[in-house]
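A short write-up of the structure that comes next.
Here, each number is a calculation from the coordinates, and none is a lab measurement. Please read these numbers as outputs of a predicted model, since none were measured by experiment. Quick reminder, even Gly has a Cβ in these numbers, built from the backbone with ideal geometry, and neighbours come from all protein chains shown.
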Amino acid sequence: MISRQSLVVAKWEFLRFFKWKQQLISYLLMLGVMGAIFAWSYFVDEGRQQYRIAVPAGFSLESSAQFQFQQPTVSLEEQLRQLQQDETWHAVLEPGDEQVLIHTKAGKKWQQQLQSVLLEHYRQQYAAAQGWSAEQLAALQQPVSLEMRYLDDNYKGKDRPEKLIALAVLFMLLMGLTTAFGQLLMSITGEKQHRVTEQLFAIVTPQQWIDGKVLGHSLSALKAMFTTTLMMLLGFLVAVLVFANKPLQLDWLNLGVLAWLLPFALLGVVLCATFMAAIAASIDDPNTSGKGAVMMITWLPLLFTYLVIDSPTGWAMTLLSWLPLTSFAAMPVRMALVELPWWQPLLSLMLLLATLYWLRRVAGRIFLRGMQMYGKEPSWGDIMRWALSNKAD
Amino acid sequence: MQITVTQIEKHYATVQAVRGVSFQIQPGEIFALLGPNGAGKSSIIRMLVGMTRPDAGHILVQHDGGEFDHVPRRYLGYLPEDRGLYADKSVEKNLRFLAQLHGLSAAETEQQLTHWLNVFELTDRRKEDLKQLSKGNQQKVQLIAAVIHRPALVILDEPFSGLDPLNQEKVVQFLQQLRADGMTVILSAHQMAMVEKLADHMLLMAKGQAVLAGTLAQIRSQAQPQPEVVIETEQPISSEQLDRWLAGYSWLLQTPQRLLVRLNETQQLSACLQQLLPYCALKNISMQNPDLHQLYLNAMTQHQQQEQAV
């Protein structure tokens, strides 16, 4: 159970790094940057301009909003001179026997679109010359429709909306763990360097201290995940409702999967924060210790899961979804893509919970023993011995 | 709170920090641990706090009908040797956080905060970040942090370090007030003049061992078993004269008119004076009372000599 002192430490730690003014400013800055990117891409979008293309006599393609095809009365040499010297033309077409030359001043993005339009036009001309109908041409362009059909009824399919949720969860976890990593390292080693630790030891037990730290920084991580989700949702809503001008459809959202994602994500963040706290507690001086990098091991479950996300029924994903140190990332993804019996996620969650309980005890022991060494950093051997010891503190 | 320490020992890797030390602390007294750096004072304090356990011997803490092998956190106020608070937080936030950890209500916290900030003249600086304060003022905040919850026992490891003489005096008054309020205080210090004013009992340590223990008077009698008297004469005298006049006494002629005599006991003074008076007129007579600083130096010198002899 979490003690009252742990909750006080957790609140202190959470508020220590929660500077709402700075946070608001950073979000406004982020919005500003996004706005600038949007404005820049709007102004440099070549697709919105109209381009004048000089085409030979008999060219039958109709002008569009983007391309205006004109048949000049002057010679090709004069057209090329105009292209070179003034803004009369953006491109000049010169048809040959086997190919069509497109003359232009320099390479631009809109020319790819012009090539697509011309290619389609000449393809249709070629089909007409061969006496093919429009249907025959369409059939030639897409001769057969390929569709995957899966015999395993539990496999929901490859590119389902749930996969998007699973990927989003992995991304959010990465955000959360990155936040927890920085804060925990700074908070725990900073306390040691500012020599607050011994003072706190006289007030709270090492276990209460570590519990409070883990809880406080897990809350910070969850806050980072929540605000990022909120920002992304806002961006999504603006994109759908304002720019695309489409009605909002959320029927693809699988609430059942979401309900399972939350406890896994929550416990996953707490588990990783506990691991990070244990390692940070063993660091005496972050400037000289090499242990800080070990805290990044907590990102591996996310990476491993991502690497096998397209084989959710494979042995690798199954293994990851059961291992308590990786299940927080793998099980939600597997659940999103494969229909599982209810007891599997539940059992995986229980294993995760048991591991978390054990790990928090280990973290408490490492903190206490590390502090008793007075300025000497424990070796990996010491840490392993403390982790495996069952001695009451 | 009564503390009985019996024959405790503590090893760290290759160093034996504490060797068979015993002492007792009575409720409501100020007990001082004295000794040079590395004497083992902080090691004893850490065992009392429960941060480490003795390798041998035992600690018995008795309070409110309970018995413990170290001071329970709920009764303890602690100023560690290795100390600091959150430098980027205000004085008030630091102290409120610690008070909350001790379980004080918001009203109790405010009351204690107001009281102690006033005592240490920090009221108008309560909103300032700790890093903005001078070292001395930060030390005062640390002292408040140790007592804000009014513990039964306060352990202060080097409470005078980093303080100017004025603030040292303030801390002396603060400790006297704690004793008057019924708290038991254990302190370790190098400032002998301060300890002399304060401590009811003291323990002098060297290289992990107890060298002297007791009240100031007891320590004085242990460190200087033979009382000394300084006699000033009206006329100059010589060593040859003294050989005749003070036969059987140990003496030292410091100047031609100033003589130091070592007695076996204080009662011997009158016999000594009677022996001297027929030969010379005396101007002044004073008993030598070395201060704690001198006693400490004597004791440490003796200890070193004994160690070298061994």
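Worth a mention:
- Kirkwood radius for segment A:259-393, taken over all pairs of different Cα atoms as the inverse mean of 1/r, rounds to 16.0 Å.
- Gaussian network model of chain A, Cα within-10 Å springs - most flexible of A:Gly212, A:Gly314, A:Gly292: A:Gly314
- Its Cα gyration tensor gives segment B:127-255 an equivalent ellipsoid, and the semi-axes of that ellipsoid, as √(5λ) in whole Å with the largest first, are 44, 18, 13.
- Rel. contact order, % - alpha carbon contacts under 8 angstrom, at least six apart, chain A: 18 percent
- Our analysis of segment A:271-314 gives Rg over Rh at 1.19, with the two radii drawn from alpha carbon positions and Rh computed by the Kirkwood formula.
- Average 1/r across all pairs of distinct alpha carbons in segment B:1-101, invert it, and you get the Kirkwood radius: 15.2 Å.
- Other-chain or far-sequence residues with amide H under 5 Å of B:Leu79's (modelled H): B:Ile155, B:Leu156, B:Asp157
- Segment A:49-141, relative contact order in percent, only Cα pairs under 8 angstrom and at least six apart counted: 21 percent
- Tail weight of P(r) past 37 Å, computed on alpha-carbon pairs of the protein assembly as shown, percent: 62 percent
- Measure of compaction for segment A:152-280 (Cα Rg per 2.2 N^0.38 Å): 1.39
- Among beta bridges that DSSP assigns inside the protein assembly as shown, antiparallel share in %, nearest 5: 65 percent
- Chain A shape via C-alpha gyration tensor axes, a/c threshold 1.5: prolate
- Among A:Gln249, A:Ala281, A:Ser220 the positive-end extreme of the charge dipole of chain A (Cβ point charges): A:Ala281
- The mean of 1/r over all distinct Cα pairs in segment B:226-288, once inverted, gives the Kirkwood hydrodynamic radius of 11.5 Å.
- Segment B:2-222 - charge dipole about Cα centre, Lys and Arg +1 at Cβ, Asp and Glu -1, debye rounded to 20: 300 debye
- Cα-based Rg / Dmax (Å) for segment A:49-141: 14.3, 45
- Residue with peak Gaussian network fluctuation, chain A [Cα springs, cutoff 10 Å], from A:Trp322, A:Trp89, A:Trp358: A:Trp89
- Calculated on alpha-carbon atoms, Rg and Dmax of segment A:156-388 in Å: 19.7, 64
- Given charges at beta-carbon only (K, R positive; D, E negative), |dipole| of segment B:226-288 in Debye: 40 debye
- Most mobile listed residue (A:Tyr306, A:Tyr122, A:Tyr357) in chain A, GNM with C-alpha springs under 10 Å: A:Tyr122
- Averaging the sequence gap over all C-alpha pairs within less than 8 Å and six or more residues apart, then dividing by the number of residues, gives segment B:2-222 a relative contact order of 30 percent.
- With coordinates expressed along the principal axes, the C-alpha atoms belonging to chain B extend over 77, 46, 36 Å, beginning with the largest.
- Within chain A, DSSP assigns beta bridges of which about 45% are antiparallel (rounded to the nearest 5).
- Estimated 222 nm signal from helices in the protein assembly as shown, with DSSP H stretches of n ≥ 4 weighted -39500 (n - 2.57), rounded to 500: -16500 deg cm²/dmol
- Ordered by the number of other Cβ atoms lying within 10 Å of each residue's own Cβ, fewest first, B:Ile44, B:Ile30 fall into the sequence B:Ile30, B:Ile44.
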